[in-house]
Amino acid sequence: IAARHLYQRYYPHALGHYLGLDVHDTHSLTKDRALQAGMVITVEPGLYFRKDDVAVDPKYRGIGVRIEDDVLVTENGCEVLSAAAFRSVEDIEQAMAHREELGT
């Protein structure tokens, strides 16, 4: 699947990018550059379904979902800087229902 790029039908972007002084400070992540302690990257899995894709259940056509985490590379692994972000459908719907109280 990866060698033939079949995933690009539903995942049309890179896995993530480096973070720095600017949100999209540098290029997308690449296998050509080793991660080093102190680097901050994003990890952005997502799925996107075109409106006209008859291979997809009609209730999912025309939508996309992406979860973006900001990750600090450490000497012994990583620290997910966005770990406190809402993850579940219930948490997101509750936050949206009370967004004025949250100041968003």
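What to note about this one:
- Looking only at the range 50-66, and only at residues there that are exposed (fewer than 12 other Cβ atoms within 10 Å of the Cβ) and hydrophobic (A, V, I, L, M, F, W, C), the one that is farthest from Met39 (Cα to Cα): Val54
- If you go through the range 67-81 and keep only what is open to solvent by less than 60 Å² (accessible area, probe 1.4 Å) and under 14 Å from Tyr18 (Cβ atoms), you end up with Asp69, Asp70, Val71, Leu72, Val73.
- Pair list, Cβ under 7 Å, 6 or more apart: the range 78-100 residue touching a residue at least 12 places away in the same chain (Cβ under 8 Å), other residue assigned to a strand (DSSP E or B): Leu81/Asp70; Leu81/Val71; Leu81/Leu72; Ser82/Asp69; Ser82/Asp70
- Number of the condition not met by Gln94 [criteria: (1) modelled with pLDDT of 90 or more; (2) open to solvent by 90 Å² or more (accessible area, probe 1.4 Å)]: (1)
The values are calculated or read from the model by the stated rules, or taken from the named source; none is laboratory data. Everything numeric in this text was worked out from a predicted model, so none of it was measured. Ideal geometry is used to build each Cβ from the backbone, glycine not excepted, and the neighbour counts take in all protein chains shown. Heads up: the accessible areas ignore ligands, DNA and RNA and are worked out on the full protein's heavy atoms, side chains in. Shrake-Rupley method; radii C 1.70, N 1.55, O 1.52, S 1.80 Å.
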